1. State all residues of segment 62-95 that are on the phi > 0 side of the Ramachandran plot and open to solvent by 20 Å² or more (accessible area, probe 1.4 Å); if no residue qualifies, say none.
2. Could you run through segment 216-267 and say how many residues are surrounded by fewer than 22 Cβ atoms within 10 Å (Cβ to Cβ), among the aliphatic types (A, V, I, L, M) and touching a Ser or Thr at 6+ places or on another chain (Cβ under 7 Å)?
3. Would it be correct to say that residue 275 is among the basic types (Lys, Arg) and open to solvent by less than 40 Å² (accessible area, probe 1.4 Å)?
4. If the Cβ limit is 8 Å and pairs must be 6+ apart or interchain, which residue in segment 95-109 that is closer than 21 Å to residue 29 by Cα and outside any helix (DSSP H, G or I) pairs with which residue that is open to solvent by 60 Å² or more (accessible area, probe 1.4 Å) and at pLDDT 95 or above?
5. Please find, among 61, 120, 94, the residue that is touching a Gly at 6+ places or on another chain (Cβ under 7 Å) and among the charged types (D, E, K, R).
6. What are the residues in segment 219-248 that are in a loop (DSSP other than H, G, I, E, B) and under 19 Å from residue 12 (Cα atoms), if any?
7. Please identify the pairs in which a residue from segment 113-128 that is of a type in the set (Phe, Trp, Tyr) has its Cβ atom under 9 Å from the Cβ atom of a residue that is assigned to a strand (DSSP E or B), counting only partners at least 6 apart or on another chain.
Amino acid sequence: MDAASAVPFSAGTEPPSIRVPPNACDCHIHILSTRFPASPHWKGQPVLDSDVAAYRSLQARLGTSRVVVVTPSTYGTDNRATLDGVAQFGPSARAVVVVDLDVPDTELRAMATRGVVGIRVNFGTPQTWGQTTAERLEAMARKVEPLGWHIQIYATGDQILELEPVLRRLPTPLVIDHLSRLPPAQGVSHPAYAVVRRLLDGSRTWMKLSGAFLNTAGGPPAYADATVVAKSYATAVPDRMIWGSDWPHRGEKHMPDDAELLDLLDQWVPDDQARTRVLVDNPATLYGFK
């Protein structure tokens, strides 16, 4: 890679080909810093400095300016790295944190003043409290609903299929990670696709057009199987689609090219005005950017 153009934790060196409008938002990144050690339960990759300085170099390459920092499983319920990152970014950033059931309401209110707008409930990665359950999801939604926060879930298609009754009655807005993780071989024919469409057809569910590299058998640059799913969602409910890079791509054997991931919107959302909604207007509505 050309050292002058290299970006940490991202393949490629070129900017996106699509027009990236002012105030475009990357709605899913993780900030990790060796200043904050991993949670004792964490058995995965060690903490590396995928920090604010590193991400700002990616912003400069992509042309985005707003960002949503999501606490990774590496940190369990320790949100210090996320909150520190948002403080460094300033008003252009928001946070989605991970908390346990015993988190005090005073702590939640304090985090709200620091840019937190939602919590993530992870069904895909073992957490410090053990197995994530539907009962826990509902309890957490009731806990944060008075703050006006949303619930973001990371779950496979099979898990979403089982969770449908709970997801439909959550009192908060719902954000689904990474195209809903449908098996690539089945895609829109998987029964969870119909569940997600029913949720999207309501007025409180949002989809992250992210994680193409997690939803593909064909791989880059086209990510053809993920593209079918993403385009279907974006066509159905363009006003509740948001985009995220998932930088720094922890655990990926082949580092994605983030400009290439952003350029997928040319296929997923072919209309330029609709892409502006995905990159600017929809995140502003969901995350409260001014």
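The values are calculated or read from the model by the stated rules, or taken from the named source; none is laboratory data. In this text, all values refer to a predicted model and were calculated from it rather than measured experimentally. All Cβ positions, even for glycine, are placed from backbone atoms using ideal geometry, and neighbour counts span all protein chains on display. Protein only, heavy atoms only, side chains kept; ligands, DNA and RNA dropped before computing areas. Shrake-Rupley method; radii C 1.70, N 1.55, O 1.52, S 1.80 Å.
1. 63, 90 - these are the residues of segment 62-95 that are on the phi > 0 side of the Ramachandran plot and open to solvent by 20 Å² or more (accessible area, probe 1.4 Å).
2. Count: 1.
3. Considered against the rule, which asks whether it is among the basic types (Lys, Arg) and open to solvent by less than 40 Å² (accessible area, probe 1.4 Å), residue 275 comes out as yes.
4. As it stands, the answer is 95/114; 99/107, since those pairs meet every condition given.
5. Details: 61 fails: touching a Gly at 6+ places or on another chain (Cβ under 7 Å); 120 fails: touching a Gly at 6+ places or on another chain (Cβ under 7 Å).
Going through 61, 120, 94 in turn, the sole match is 94.
6. Kept after step one, since they are in a loop (DSSP other than H, G, I, E, B), are these residues of segment 219-248: 219-223, 237, 244-246, 248.
Of everything in segment 219-248, those that are in a loop (DSSP other than H, G, I, E, B) and under 19 Å from residue 12 (Cα atoms) turn out to be 219, 220, 221, 222, 223, 244, 245, 246, 248.
7. Final answer for the pair search is 123/153; 123/154.
Residue-by-condition table, conditions (1) touching a Pro at 6+ places or on another chain (Cβ under 9 Å); (2) among the acidic types (Asp, Glu); (3) not in a helix (DSSP H, G or I):
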| residue | (1), (2), (3) |
| --- | --- |
| 111 | no, no, no |
| 121 | no, no, yes |
| 124 | no, no, yes |
| 135 | no, yes, no |
| 139 | no, no, no |
